[in-house]
Amino acid sequence: MVSQIFNGERDLSMDHALGTAQFLGLSENESRYFLLLVERSRAASSKLKDFISKQILEARRDGQNLKKVLTQERELSDSEKAVFHSNWTYSAVRLLTSVSGFQSADAIAAKLGLNPAQVRQIVDYLLEHGLILREGATLKLGPQRTHLEKSSPYIVSRQKTWRVKAFECMDRRRDDDLFYTGPMAVSKAAVENLRHEITLMLKRLTDQAVREKPENIFCLNIDLFQVAKD
């Protein structure tokens, strides 16, 4: 039967499809997507195939929506987002509180090369809005993720301020830094696959970052965009 399925002579049953998804260790969303593909393959009428195809397209879009893929632990208000994402220093100060040895404003200022008075103002803001916490004289990280959806009006300022920081770091060229620019001529299918792989990679990376003890802070900038107009 398996040989007939691989040869296209038979379709998986829904029970077999679910068992396959579980054997492969697919996530709930991945399993749902796989079952939709099997269901469309088994559909007898074109109307049913079209109906399921729309569900598949919606599931694919959801899979590329980072807000749904990446678990959020706290949603900032609009006023908080406007300030927090206006400059890279807010996020850098906040993240450094999770790294051992940087639980004070002065230590953070020395690490980032910032004015101590500026860092203390940032710390006060982060404390006021619950983005970091204070235990005695020690600072600690608050909610672990502050992801912005791509439709947010604050996404551009967040991306710009971190890319400006990246430009500064390009001149430094540390061994553990990586800067890559790769213009390419590719098919639409290849771009769609690349976008999907990047999304999965970000999910794995953020999950790993939550599980493991932080030792330093890095910034990951990924740009994938169409250069020429349609």
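Points worth noting:
- Considering only Phe6, Ser31, Ser53, and ranking their Cα positions along the charge dipole of segment 2-63 that arises from unit charges at the beta-carbon of Lys, Arg, Asp and Glu, the one farthest toward the positive end is Ser53.
- For segment 172-230, the set of GluC sites (Glu not before Pro) satisfying both a DSSP loop assignment and a count of at most 15 other C-beta atoms within 10 Å is given as Glu212, Glu215.
- Tilt relative to the chain, helix 188-211 - C-alpha long axis, 0 to 90 degrees, to 10: 50 degrees
- Shape analysis of the chain yields a ratio of the Cα radius of gyration to the Kirkwood radius, Rg/Rh, of 1.07.
- Charge dipole (debye, nearest 20) of segment 78-211; +1 at Cβ of Lys and Arg, -1 at Cβ of Asp and Glu: 220 debye
- Using alpha-carbon coordinates, inclination of helix 155-172 to the longest axis of the chain, degrees: 70 degrees
- Evaluated at q = 0.13, 0.27, 0.30 Å⁻¹, the base-10 log of the normalised Debye intensity for segment 2-63, with identical point scatterers placed on the Cα atoms, takes the values -0.36, -1.16, -1.21.
- Annotation: aspartates and glutamates with alpha-carbon distance below 16 angstrom to Lys54 (same-chain offsets under eight excluded): Glu39, Asp62.
- Restriction of the trypsin sites (Lys or Arg not before Pro) in segment 146-193 to DSSP coil positions whose beta-carbon has at most 14 other beta-carbons within 10 angstrom yields Lys150, Arg173, Arg174.
- Sequence-distant residues sharing a close amide H with Ile132 (under 5 Å, placed H): Leu127, Gly142
Laboratory data are not the source of any read-out in this text; all were calculated from the coordinates shown. What you see is a predicted model, and the numbers here were worked out from it, not measured in a lab. Cβ coordinates were reconstructed from backbone atoms using ideal geometry, including for glycine residues, and neighbour counts include every protein chain displayed.
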